[in-house]
Structures are given as structure tokens and as C-alpha cells.
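The values are calculated or read from the model by the stated rules, or taken from the named source; none is laboratory data. Model, not experiment: these values are computed from the prediction. Heads up, the Cβs are rebuilt from the backbone with ideal geometry, glycines too, and the neighbour counts pull from every protein chain shown. Surface areas here come from the heavy atoms of the whole protein model, side chains and all, with no ligands, DNA or RNA. Shrake-Rupley method; radii C 1.70, N 1.55, O 1.52, S 1.80 Å.
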Amino acid sequence: MPRIEADSVREHRAQRLAQLIDAAEAILNEAGVEGLTAGAVAARAGIARNSIYRYFDSIDDLLELVVTREFPAWVDAVERAIAAETTPEDQAAAYVRANLEQAARGAHRWWASLSRGSLSASARERVRSLHTSLHEALAKVVRELGHPQPELTVAVLQAVVDACIRRIDQGDELATVADFAASATRRLLTPDGRTS
């Protein structure tokens, strides 16, 4: 049995898995999905190549772990931003701003490309489910506003988020994009198009 570096085998396993996910994420940041191989991950984590398969079955499984690891924290940050506001308009603007702040943390560009193309069908379904839970937070706010077309409103606001994330990924300043997006959100939610 290999020497463990924690108080229990379970903790050791969790620490080692976190190391492998960290290694995979670093490789993705530096070299993209093309650079992500079992050998590269093992070398980066400092363990034998065949040992990594004690923690996941394939590189596809590791990709799923990388993509979904940060999502609960992302959702939590968005939900906290919404809860800090008192009016539905401010909550919707907070949703938009918080999503942009999370995207600007750095990994979104390769994360989105993985979600579209390199993940297994089951992993894409899991990512889709995580996105649905995030969108539900916005849908709840829009329902409180009583808009006649809540689903369309959510879709348009999410399109604002997606477009602004792309601008951040292309190098635009977060503060400028977030201010624009929050203002656009308030205009979209105001019946006559004016900001309050």
C-alpha cells in the first residue's frame, strides 16, 4: 500500500484527487485541451502515470471533474450576490455582475470550449444541469417582477451575460463590461426602457 500523507486513507485520496485536478487545470490554462494527457497530468502532480487511474477512469472523467469543480462556488457567489439586494431589478443586475466576475477569474475560455466539444455526453449533461440551476436563480427574480414573458426575459438577460463574458474573454475590462451589462439589464427590465 502506498504511503499516505494525511490522517486517513480517505483524506489522502481526496488530497491526491485535488492535486490531479489542479494539475489538469494548470495544463489546460497553459496548453489547452491538446496538452492534457495522462502523462502530463501525472508528471505535473508528481505521481506515476498508472497511479492516476486510481482516482478516475479516463482523461474524459478528469475533464468532467475539472469543469464541474468550480461550478458550486460559482453558483454560490451568484446566489449570495442576489441575496444581498432587495429589489428584483437590483437582484437581476447582481446576477449579471456576479456571473461576469466569476467568468473573469480566468478559466472560463477553456472551460466553455471543453463544455462544448471535449466532454463526454454524460459530462455535458451534468454541465447542462449545473447551468440550469444557475439560470433558475435568474428565473425566480424575473418571475417576481411579473413580466408577461418570463422565459423570454430570462433568455435575453442570459444572452447579455454570455455576450459580455465573451467580451471579457477577448480582453475587455471587467469593470467596464459589468457596468454596461448591469445598466442594460435594468433597462431591459424597466417597462418603458428607462433606468430607474
Expressed in angstrom and rounded, the centroid-to-centroid distance over alpha carbons for segment 128-193 and segment 58-94 is 14 Å
So, with points 7 Å from each Cα along the Cβ direction, the A31-H12 label distance in nm works out to 2.9 nm
With +1 at each Lys and Arg Cβ and -1 at each Asp and Glu Cβ, the charge dipole magnitude of the chain around its Cα centre, to the nearest 20 debye, comes out at 320 debye
Taking protein heavy atoms only, a 1.4 Å probe, and rounding to whole percent, the accessible area of the chain owed to carbon and sulfur comes out at 50 percent
Of all chymotrypsin sites (Phe, Trp or Tyr not before Pro) in segment 1-85, the ones in DSSP coil with at most 15 other Cβ atoms within 10 Å are none
Filtering trypsin sites (Lys or Arg not before Pro) in segment 1-108 by DSSP loop and by at most 16 other Cβ atoms within 10 Å leaves R3, R105
Ordered by number, the GluC sites (Glu not before Pro) in segment 120-177 that occupy a DSSP loop and have at most 13 other Cβ atoms within 10 Å are E173
Relative contact order of the chain (C-alpha contacts under 8 Å, at least 6 apart) in percent is 20 percent
Given a Förster distance of 41 Å, the FRET efficiency implied by the Cβ-Cβ spacing of T86 and S122, rounded to the nearest 0.05, works out to 0.55
Output for the chain (equivalent-ellipsoid semi-axes, sqrt of 5λ from the C-alpha gyration tensor, Å, descending) is 38, 17, 14
With only helices counted (DSSP H, runs n ≥ 4, each -39500 (n - 2.57)), the per-residue ellipticity at 222 nm for the chain, to the nearest 500, works out to -23000 deg cm²/dmol
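Can you tell me the accessible area per residue over segment 125-196, all protein chains present, probe 1.4 angstrom, in square angstrom?
Computed with neighbouring chains in place, this is 61 Å² per residue.
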Simple spin-label estimate for S51/D172, 7 Å along Cα→Cβ, in nm, reads 4.6 nm
Here FRET efficiency (C-beta to C-beta, L145 to D76, R₀ 22 Å, nearest 0.05) is 0.40
